[in-house]
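Data first, discussion second: the structure below is written as structure tokens.
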Amino acid sequence: GRVASISKVFTAAAILRLVDARHLNLNDRLVDHLTEFKSHKDRRFRQITIGDLLSNRSGLQRDSLDRDYWGLKQPFLSREELIREVLSSALVY
């Protein structure tokens, strides 16, 4: 089964545990941990922090450009497909 939005709570809790253990900082830039995103066409992308991701102020699309997988019409994107989509998407503020 799909967990949908409930995974956000578990992800945030895991990130905050890493912050408590001093493995991450909320001010760390996303591109310092996921270097494949350094080539995003929008230079603002390089300034997105872990805290921005957790507070929904990163500018990333909430859903993918093709949302059919939410309706169970197609499988979720693979890691490689997701990276390509993020790199080709515009930031939204």
Pairs where the first residue, in region 77-93, is surrounded by 14 or more Cβ atoms within 10 Å (Cβ to Cβ) and the second is of a type in the set (Asp, Glu), C-beta under 7 Å, 6+ apart: LEU77/GLU85; ILE83/GLU36; LEU91/ASP42
Cross-chain or 6+ apart pairs with Cβ under 7 Å, region 30-50 first and more than 11 Å from ILE83 (Cα to Cα) and assigned to a loop (DSSP other than H, G, I, E, B), then open to solvent by 30 Å² or more (accessible area, probe 1.4 Å) and modelled with pLDDT of 95 or more: ILE48/ARG29
Test set (1) aliphatic (A, V, I, L, M); (2) in contact with a Gly (Cβ under 9 Å, 6 or more places away or on another chain); (3) not in a loop (DSSP other than H, G, I, E, B) - LEU26 fails condition number: (3)
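The values are calculated or read from the model by the stated rules, or taken from the named source; none is laboratory data. Source: prediction; values computed, not measured. Every residue, glycine as well, gets a Cβ built from its backbone with ideal geometry; the counts of neighbours run over all protein chains shown. Each accessible area value is taken on the protein alone, full model and side chains, heavy atoms only, with ligands, DNA and RNA left out. Shrake-Rupley method; radii C 1.70, N 1.55, O 1.52, S 1.80 Å.
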